[in-house]
1. Do you know which residues across segment 436-455 are hydrophobic (A, V, I, L, M, F, W, C), within 12 Å of residue 467 (Cβ to Cβ) and in contact with a Leu (Cβ under 8 Å, 6 or more places away or on another chain)?
2. Considering only residues of segment 165-216 that are closer than 20 Å to residue 59 by Cβ and of a type in the set (Phe, Trp, Tyr), which is nearest to the chain's Cα centre (by Cα)?
3. Pairs needed: first member in segment 454-473, within 23 Å of residue 701 (Cα to Cα) and surrounded by fewer than 24 Cβ atoms within 10 Å (Cβ to Cβ); second member anywhere, at pLDDT 95 or above and acidic (Asp, Glu); C-beta distance under 7 Å; at least 6 residues apart or different chains.
4. Here is a list of conditions, (1) crowded, with 24+ Cβ neighbours inside 10 Å; (2) in a loop (DSSP other than H, G, I, E, B), and residue 352 meets all of them except one; can you say which number that is?
5. Let me confirm something: among 106, 112, 99, which residue is of a type in the set (D, E, K, R), modelled with pLDDT of 95 or more, within 27 Å of the chain's Cα centre (by Cα) and not in a loop (DSSP other than H, G, I, E, B)?
6. Between a first residue in segment 262-283 that is crowded, with 23+ Cβ neighbours inside 10 Å and a second residue that is in a loop (DSSP other than H, G, I, E, B) and among the acidic types (Asp, Glu), which pairs have beta carbons less than 6 Å apart while being 6 or more apart in sequence or on different chains?
7. Across segment 522-548, what is the total count of residues that are open to solvent by 20 Å² or more (accessible area, probe 1.4 Å), in contact with a Gly (Cβ under 9 Å, 6 or more places away or on another chain) and more than 22 Å from residue 173 (Cβ to Cβ)?
8. Given the structure, is residue 515 part of a loop (DSSP other than H, G, I, E, B), touching a residue at least 12 places away in the same chain (Cβ under 8 Å) and either buried (at least 20 other Cβ atoms within 10 Å of the Cβ) or of a type outside the set (A, V, I, L, M, F, W, C) (or both)?
Amino acid sequence: MMSEQCKLSRRTFVKGAAAAGALASLGLTAGYELSGLQQAKAQNNVNAQTFRNACPRNCYDTCAILTTVEDGVITKVTGNPDNTYTRGKLCVKGNSYTRMVYAPDRIKYPMRQKGRGSGNWERISWDEAFTEIAQNILKIKETYGSTLPICLNKYSGNFDIMHYGIEGTMASIGYTTRAIGTPCWPAGIDAQTFDFGTIYNNDPEDILNSKYLILWGVNPAWCAVHSMYIIEEAKKNGCKIIAIDPILTATASRADMFIQIKPSTDGALALGMAKYIYDNNLYDADWLIRNAKGYEEFFGYVNNNITLEWAAEKTGIPVAVIEQLAREYATADPANIWIGYGMQRHTNGGANVRAIDALAAITGNVGKKGGGAQYAQLETWGFNYHAMVKPQPEGTTGDGDRGINMNNFGADVLAAQDPPIKMMWIAARNPVAQDPEVSVVLKAFEAMDFVVTADLFMNDTVKMSDIVLPVTTPFESPGVNVSYWHYWLNLNEQAIKPIGECKNDVEIAMGLSAKMNELSPGSCTYPTSGDLDEWVEKEFNDGILKQFGLKDFDELKQKGTVKAKSGLIAWERGNFRTPSRKYELYSEEAEKFGNHPLPVYVEEMQAPSGYPFRCISPHWKLNIHSQFQNIDWMEAINDQPFVEIHPNVAKRLGIQTGDAVKVYNDLGYVQLAAKITGTISEDTLVVYEAWYKNKNFNINYTVKAIPADMGAKATGMPGIAFHDNFVNITKV
């Protein structure tokens, strides 16, 4: 007989969990007493242990996790309270990890597909998989005289340092072709590199010291939930919160002031604010004289070219609001800006970030507690990369690896010659679901002789592979993680044995190396054995141990999570990493890369004839790119992709919520459900990017590989203008 508690449906439970997660992000708890539920008590005969883990996904928060294991099975995950950023809480995605680990549809064994894309899979042994992969690599090397026809496409699905073992795999067989660049944040990285010398944000916990905070195109309520607690605490301390966004997001709904801006015109607003600050003598002349290069040229540009009326027309924001915003920002001390990644996914995205950076510089809000222009940081990533850096085999010829553009992957693979690309290895990515111009990407996969993918689930990319290798979750192998946002380092302990025959990337590299050297001695330099915990320890050096106040690796094993001891306020001592060693409002380096040396306004992309709507495809709250949305708990909350439409547009087109609609342009189309909402403007549609299991949905069928204006300097390739996607819509 089913108990009353068991009658709770999975959907009800998950919605409750989501609500609890939202409360947790605000520092609140539902409490067992309030919910009427009784906390479960562990049975005395259960062997329970707690492990320290880390979420390695492409997320600001990189959470420290405590994992409860009972008789070898994970029964609970929660945030580690020793970490003052995670604060003992996880987001709704993190709370679903138990469902990911034990998902019945997880890939647990190596498999071979008979006919790429056929779905006719057969289980094979690791020895068979390594043998087939090794034979293909050696055949390519013999045919072309090098391993350049082998292309690696790996990025952000798992940021654990040990997972750089796949790059080590490629290095250890010779020079290969690499998909380089990043689809996420490159234009903004270049912008801050031109201005400051690199990306470097204040410790996000320093937001508590801010008196004025502009959340500019960022939605932490969905994408960095632990920062919402800090923002709410700052608000209690008297900090005024401003949200600037084309969408009335969950974050914007909690701000003191929401400013809805036309997409891609952020630079016009920043320059309009700069004009007001200059005209009213609200800039910090002393800071500029001591720290900045090119401020006179910048003020000359602003004075001669910018008016508030122009900024208002561009952005759709009234002059009075721009004046208020500029006055409040310039007179608050300290004032802080958090710049999101979505706003730089435009053809003028880098220029817009430079214009916003300039606001922090001209008001002297750089290098101080509570101030700054926050974007990201890589200050805590000083590992040895022992798993990644390996020598090429003796006798390797050539000039090095060959790079192709990750943001135009399909076309670049097909265009590669001398030698052509014949084999792909995909890891920690799902390019068929994530890349623009999906049809071209599929043609690239079809053109290959051999495709290997390492993944957790049977996603769209795995379906286009010949061999799939099952990989471990964070709970099944050791590692270490840091964030590109906060300043914590989290040890990841192996909590359970690997499910099925799953392996991590280092184990895969060692197994493949052994097989290659068996078939062709000397063909691979990667080690063929080793204890994984020892591999983790080898990632540490004196510099990173000192940065985190550790005397040795054993101390980290005792503490599990530690915070950096220094460098928490970006540019506190100046020492900008630009060529002039100053903040560069005028950047010759920017000019070298084809940009204007000043942070001038670059015109936003206009809608072409026939496609009047700008289709924005931001992150969905229940996923990180193509991860998590396929987990059953997430499906229980929502399993239906949709497009958001303004009520006036819907009325004009006769569309109601739930109607099937077609979103299309000259590249492709998607069919999905309509959702009518006043949170967006009339000239915009919003479709949240995600991979839905067993659903024929991919918004990137309509996205062209249009480059952003920056990204090539720091990441090797320009970014991509995901949000300059113009479409039309019709009721089906």
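1. Hits for segment 436-455 are 452, 454.
2. 185
3. Taking only residues 6 or more apart or on different chains, the pairs are 457/105; 458/105; 462/455.
4. (2)
5. Answer to the selection: 99.
6. Taking only residues 6 or more apart or on different chains, the pairs are 264/604; 265/604.
7. Of the residues in that region, 3 qualify.
8. The answer is no for residue 515.
The values are calculated or read from the model by the stated rules, or taken from the named source; none is laboratory data. Keep in mind it's a predicted model, so treat the numbers as computed, not measured. Because the Cβ atoms are built from the backbone with ideal geometry, glycine has one as well, and the counts that use them run over all protein chains shown. Heavy atoms of the whole protein, side chains included, go into the accessibility calculation; ligands, DNA and RNA do not. Shrake-Rupley method; radii C 1.70, N 1.55, O 1.52, S 1.80 Å.
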